[in-house]
Amino acid sequence: MISTLSGKFRRREKRLDLPKIQLLHSPHEFRVRGFRANGFTIIELLVTISIVVILTSIMMPGFRAARESANRVQCSSNLRQIGLAMYSYACQNGEHLPATIFDDDGSALPAEMMALTTGSMTMSNQSCQWDGLGLLIGDANMFLDSTHALYCPCHHGAHQASEGELAKKLLPQRTYGNYHFVGDTNRADHHQRLLFEQSSEDAIVVDGMREATDVNHVNGTNTLRGDASVRFWYDRSMTLRNALTVSTADAPPPEDVYKDLWVLFGKSN
């Protein structure tokens, strides 16, 4: 009986042409119709790892460039939000840009135009208050819904987004964002307040410029223009980087450097 069934199974296996698997001496080796397969050798494994490492090193710059490009788009979105908030602010404040004590002609401090709050040590010895771009979030009207719009995703230096929430407490220390405000003084017209509606060639907000680590982008800066448009200004001659190379928070560039930079930002390149 058993031999009869065994014979039937052999005939059925032959008819189906199934592969015959034969175990060899090593439990890790097998043979399929005479084909012998082994595991990877050390050399094959090292070659595979080397290829993976080389491909990764080739692709990583592309990944970084893609991330930088995406962050730059987010930065542009931030500036558009700031532009709309400034327009709303101007509509309720005599068509003027947000006021700032750091743009006073008598004691202009252009390096401090990144400040969102004044800190306790102000020119008028007042307590800490909102200033410049900080008025867009500190005003009761809340022209900006969130402080995150004042912080660039490409920024890797000091003044992180967490400081925006800290600014709401109006602590004695001055709080900074990641963007630099041109100010509100119209020096070409007897030092009157600068109106919001400016030319498309007038940059009013750019990357931070208080020190070298405040520059958000590698090859230039996003610029918010007087017509509320946003463009990227390419720093092809490394003018911005060179101007901030040796600058620190305690030793920022002189006022004339900032004046020259703002003129350059207004030009299309």
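Taking the Cα centre of the range 141-261 as origin and assigning +1 to Lys and Arg Cβ atoms and -1 to Asp and Glu Cβ atoms, the resulting dipole is close to 180 debye.
Projection of the Cα convex hull of the range 50-265, averaged over all directions and equal to a quarter of that hull's surface, yields 13.3 nm². Note on H191 and I51: their simple-model spin labels are 7.3 nm apart, each label 7 Å out from Cα toward Cβ.
Read-outs throughout are calculated quantities, based only on the coordinates presented, and are distinct from any laboratory measurement. Values in this document were obtained by computation on a predicted structure and should not be read as measured data. Methodologically, a virtual Cβ is constructed for each residue, glycine included, from the backbone with ideal geometry; neighbour enumeration extends over all protein chains shown.
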